[in-house]
1. Sorting check: for 175-184, 359-368, which peptide has the highest mean count of neighbouring beta carbons within 10 Å, and how do the rest follow?
2. For Cα pairs less than 8 Å apart in space and 6+ apart in sequence, what is the mean separation divided by the residue count of segment 149-299, i.e. the relative contact order in percent?
3. Where the centroid of each part is defined by its Cα atoms, how far is segment 362-425 from segment 509-543 in Å?
4. Please work out how much length the chain gains when fully extended from Q404 to D65, using 0.36 nm per residue of separation minus the C-alpha to C-alpha distance, in nm with one decimal.
5. Can you tell me the relative contact order of the chain? Whole percent, Cα pairs under 8 Å, sequence separation 6 or more.
6. Go through the cysteines of the chain and tell me which have no other cysteine Cβ under 4.7 Å away.
7. Can you give the angle from 0 to 90° between the axis of helix 404-417 and the longest principal axis of the chain, with both taken from C-alpha atoms, to the nearest 10?
8. Going highest first, how would you order 214-224, 384-394, 139-149 by mean Cβ packing within 10 Å?
Amino acid sequence: MSDPLYVIGHRNPDTDAICAAIGYAAYLREVRGGEIIAACCGEINARTNWVLKLAGAEAPKLLLDVRPTAGIVCRREVLTATPNETFLSVYRKMMEHSFRSIPVVDTEGKLLGMPTIQEMAQLFLPSGATHGAANREVSTSIQNMVAALGGKSIGAQDHADKVEELVLVVAASSVETTRDRARQFPADKLVLVTGDRPDVHALAMDLGVRCLVVTGGFMPWESLLNQAQTKGVSVICAPQDTASASQLIRFSRPIAEALIHDFLSFTTRTPLREIIHAVQDSHQPLFPVIDEETSRLEGVFSKSDLVEVPRTKLVLVDHNEFSQAVAGADEAEIIEVIDHHRLSGNLRTKEPVRFINEPVGSTSTIVGIMFRMRGLTPDKSTAICLCAGLISDTLHLTSPTTTQTDREILEWLSKVAGIDAGQFVKDFFAAGSLLREATPARAIEGDRKVFEENGWRISISQIEEMGLDEFWKKQAELHAALTALCSAHSLHFACLMVTDITAHYSVLLIAGDKRVAGAIDYHERSSQVYEMPGVVSRKKQLFPYLSNLVSKLTPP
């Protein structure tokens, strides 16, 4: 299955951004097929939610960051080991699959360690010790030894699954020498390895060792096995020779013995840029990726997986600037751009893209045009959404951005949607007051765009209301929120245009550099509030006005 293609609007999405994404995703599914998903990168406002409910449309997928991450890079199907598996079992897994490292996880899938071949070698080659007791020590269980040897367990079976600190002694000398050597260690920790030597078997019973390993496939006498049961001595019959059996017993240690916790790991959300910086000088062969919430192992990757990293595929609608796009859009694969705003900003792509920019009142209008050009008719739900996007962005065809094309497309879409546009407008704008329902800070973020002109970094927010009563109630709080916004985002100037859609009249609340305020020539109704009769469009009226204003000021 191919990767999904996301159709997504700008940050702090308005109704047109949401509805155009839904409409264009529906169009692409009809024309191209495949997994095409409408997405958004911000909270959906009350009016847009009303539209989605009326249309019976699913809300777009929330997509706040599309940067390549460890979760995208990693391989999800991972061969793992459990802490109780033996060194031999894990080693064979690694050899079979040509792995240099393997994740060890517990029963809940949480990562315990990432042993490598080199680290595992330390299990049977103690550092700095080439002789003496250190070479004899082995942490294992009777059960593990039986499994590693492929042998048969007879004699006492008590606590066979318990991992114990044992001492390995090979009876290759005389009985007397073997006895002297064995007595250097606690009998209940002793694993005595020998071949077909009944005298050594008897010595093991006499000493009461923890385990007697009889090699070469030989079976001890029946009388000895009876003693083993009585004295609590475990007996293992192994098919190997004594030298091979001794080595395999060392390899029967549980892999938990090799776990070193000093290794690099990443969460699924770690950005690719951070990963590349972190791993470039690391000799670690494999890097685990952990889920932030559950701490479970999600996957692994090696350095070679970072060479060709899959990028999220995007279609941008209702914007054409990275500054307004979802975080990480500059690292994504941009397939198309569908917009109706001015061309500006730093949008660059690595490959040629389809770029459609029409001077119409809404992006939803462009989507409607594309349906008609293909001879396609959107379903009723999609048509309702496109009507809403068009109506909201043109203030029901009264904004100065409105064109004859907008009128024609709205007339056609209204018939497909089965709505009365006039009544729809009343219901839509009555669906919710952002000033009444949201905090001042959230209200400002509801439909906000940032522009850079002549070195000035400016934020313009717009709220459309049926009357200005709520604005006057919250004027002081809104101004405080604008001031905080300037500080938080290093803005030179921030403003909020509140538009009374019933009167075709706006007020402008400002904060920031006083040089900008001093250049505004609209009537100042009260401190930092200006009357703007007939101004309803940020795109065609307010922004060009502010752009011209700051172009005449000395850059900050």
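1. Per-residue Cβ counts within 10 Å, averaged per peptide and sorted highest first, yield 359-368, 175-184.
2. 22 percent
3. Going from one Cα centre to the other spans 31 Å.
4. 118.3 nm
5. On the way: 1109 pairs, mean separation 85.7, N = 556.
Worked out over the chain, it gives 15 percent.
6. C40, C41, C74, C211, C237, C387, C486, C495
7. Here the helix axis deviates by roughly 60 degrees.
8. Working: 214-224: 16.3, 384-394: 29.8, 139-149: 22.1.
The peptides rank, most packed first, as 384-394, 139-149, 214-224.
Rule-based calculations on the coordinates, nothing more; no lab input. On a predicted model such as this, the values are computed, not experimentally measured, just so you know. Using ideal geometry, Cβ is built from the backbone for each residue, glycine included, and neighbour counts are taken over all protein chains shown.
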